[in-house]
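S.K.: Before we start, here is the structure in question, set down as structure tokens.
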Amino acid sequence: MYDHINQVCSLIRARSALVPRVGMILGSGLAALADELDEAVVFPYAELPGFHEPKVPGHRGELALGLLAGQPVAVLRGRFHFYEGYGMPEVTFPVRVLRALGCETLLVTNAAGGLHATWQVGDIMLITDHIFMPGLAGHTPLLGPNDDRLGPRFPGMVGAYQSEWVPLAHAAAAGLGFTLREGVYLMVAGPSFESGAELRAFRLWGADAVGMSTAPEVVVARHAGMRVLGFSLITNLALPDGPPANHAEVLDAGEAAKPRFAALIREVLRRGAFVEGF
Ligand code: HPA
């Protein structure tokens with residue numbers, strides 16, 4: 001894995017000297033931001049060994065280096081999901097590459113179902129913590145021998161999401177005229193949407209939104225010593241007595257919320273540029 005990461009990094013560095021500070025994963029329908037990079041150098045996943053072509057409609061596979069809101073960033077446009085059949089090490093390999101390229105911060109985005117009846121489609125939730133269901137069931141990217149060059153054997157996950165940046169995120173949203181939700185993201189393996197009983201259980205466990213990604217990437221980012229900031233776009237309400245979720249509404253909500261979501265990320269980056277260690 002270590003050599004493989006460095007091999008991909010060399011490929012990228014041969015075409016771009018930019019050292020990214022923030023690595024970003026743009027999920028369902030949120031990828032348009034990648035088009036806004038200045039001085040962009042784009043690598044289709046097909047050119048990067050270990051990266052795969054996304055199979056989900058609404059995802060396009062590219063790694064782009066460039067400047068966003070003046071910050072050097074590396075953007076993963078499209079991610080690999082566990083439910084597509086990839087192993088957790090494959091799902092998280094791109095995060096290893098971001099780290100090796102120099103990223104110290106991982107900014108993750110995803111689409112999620114909101115678990116509160118009072119929430120609305122289009123809300124954006126700052127992720128304050130996660131419940132990694134597949135990880136708890138043994139599907140974790142850190143399974144097997146640990147390579148100490150990549151991170152410690154037993155990384156802690158308390159405080160995985162950078163709490164110092166919560167005010168920054170709220171201020172960025174307020175500056176744009178809206179209020180951020182805040183809460184715990186629960187990852188399921190999918191691809192089936194949750195049963196009513198599962199949704200009730202998730203509420204009892206303290207979850208606020210449910211989705212099918214992100215937690216493995218965050219575990220690897222923390223293992224690799226990165227700081228993490230995460231946002232969920234609430235694309236549907238996932239309520240035990242509500243209508244079942246469907247993929248079309250997830251994509252539609254992503255589409256509708258794009259401008260606001262993009263504005264938030266840009267504003268977070270702009271403000272982050274002045275923050276030590278961002
Ligand atoms: N459940 C799981 N994943 C999701 C959902 C949901 O309701 N919405 C978007 N991704």
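S.K.: With every protein chain kept in place and ligands, DNA and RNA left out, what is the accessible area per residue of the chain? Probe 1.4 Å, answer in Å².
M.R.: 41 Å²
S.K.: Could you tell me the relative contact order of the chain? Use alpha-carbon pairs under 8 Å, at least six residues apart, and round to a whole percent.
M.R.: Over the chain, the number comes to 26 percent.
S.K.: Under the Karplus relation 6.51 cos²θ - 1.76 cosθ + 1.60, θ = phi - 60°, what is the ordered set of whole-Hz ³J(HN,Hα) values for segment 114-131, x standing for Gly and Pro?
M.R.: Here the 3J(HN,Hα) series is x, 9, 10, 5, 7, 7, 10, 4, x, 4, 10, 10, 6, 7, 9, 5, 9, 10 Hz.
S.K.: Right, here's the next one. List the residues, sorted by chain then number, that are 5 or more residues from Asp123 or on another chain and whose placed amide H is less than 5 Å from its amide H.
M.R.: Placed amide hydrogens put Ile234 under 5 Å from Asp123.
S.K.: Can I ask one more? Just from its helices, what would the mean residue ellipticity at 222 nm be for the chain, if runs of 4 or more DSSP H residues each count -39500 (n - 2.57) and the sum is divided by every residue, rounded to the nearest 500 deg cm²/dmol?
M.R.: Mean residue ellipticity, 222 nm, calculated: -9500 deg cm²/dmol.
S.K.: Residue by residue through segment 37-49, which ³J(HN,Hα) values in whole Hz follow from phi under the Karplus form 6.51 cos²θ - 1.76 cosθ + 1.60 (θ = phi - 60°), with glycine and proline marked x?
M.R.: 5, 8, 6, 6, 10, 10, 10, x, 4, 4, 8, 10, x
S.K.: Find how much the distance from Glu249 to Lys55 grows on full extension, using 0.36 nm per residue of separation minus their present alpha carbon separation; answer in nm with one decimal.
M.R.: 68.0 nm
S.K.: Another question about this same structure. Looking at the chain, do any whole DSSP H helices span at least 18 angstrom along their long axis by alpha carbon and average -0.5 or above on Kyte-Doolittle, and which?
M.R.: Values: long enough: 88-101 (20 Å, 0.74); 247-272 (34 Å, -0.14).
Both cut-offs are met by 88-101, 247-272.
S.K.: Using the C-alpha gyration tensor of the chain, what are the square roots of 5 times its eigenvalues, in whole angstrom, with the largest one first?
M.R.: Largest first, the chain gives 27, 22, 18 Å.
S.K.: Share of antiparallel DSSP beta bridges in the chain, in percent to the nearest 5? Could the numbers behind the result be given before it?
M.R.: Working: 17 of 47 bridges.
If I count the DSSP bridges inside the chain, around 35 percent turn out antiparallel.
S.K.: Moving to a separate point now. Take the solvent-accessible surface of the protein heavy atoms, probe 1.4 Å, and return the percent of it on the chain that carbon and sulfur atoms account for.
M.R.: Ligands and nucleic acids excluded, carbon and sulfur give 56 percent.
S.K.: Related question: Rounded to the nearest 5, what is the percent of antiparallel bridges among the DSSP beta bridges in segment 1-124?
M.R.: 55 percent
S.K.: Got a sec? Which residues in segment 100-134 would a label at Thr179 touch, if it sits 7 Å along Cα→Cβ and we count backbone N under 14 Å?
M.R.: 118-120, 123-126
S.K.: Ranking request for peptides 80-92, 168-180: highest mean number of other beta-carbon atoms within 10 Å first, then the rest in descending order. Could the numbers behind the result be given before it?
M.R.: Numbers: 80-92: 19.0, 168-180: 15.5.
Ranked from most to least packed, the peptides come out as 80-92, 168-180.
S.K.: Moving to a separate point now. Distance between the C-alpha centers of segment 200-241 and segment 41-80? Whole Å please.
M.R.: Here the answer is 21 Å between Cα centres.
S.K.: Calculate one ³J(HN,Hα) per residue across segment 230-236 by plugging θ = phi - 60° into the Karplus curve 6.51 cos²θ - 1.76 cosθ + 1.60, and present them in order as whole Hz with x for glycine and proline.
M.R.: x, 10, 10, 8, 7, 8, 6
The values are calculated or read from the model by the stated rules, or taken from the named source; none is laboratory data. If you're wondering where the values come from, they're calculated on a predicted model, not measured in any experiment. Virtual Cβ from ideal backbone geometry, glycine too; neighbours counted across all protein chains shown. Note: accessible area is taken over every heavy atom of the protein model, side chains too, but ligands, DNA and RNA are not part of it. Shrake-Rupley method; radii C 1.70, N 1.55, O 1.52, S 1.80 Å.
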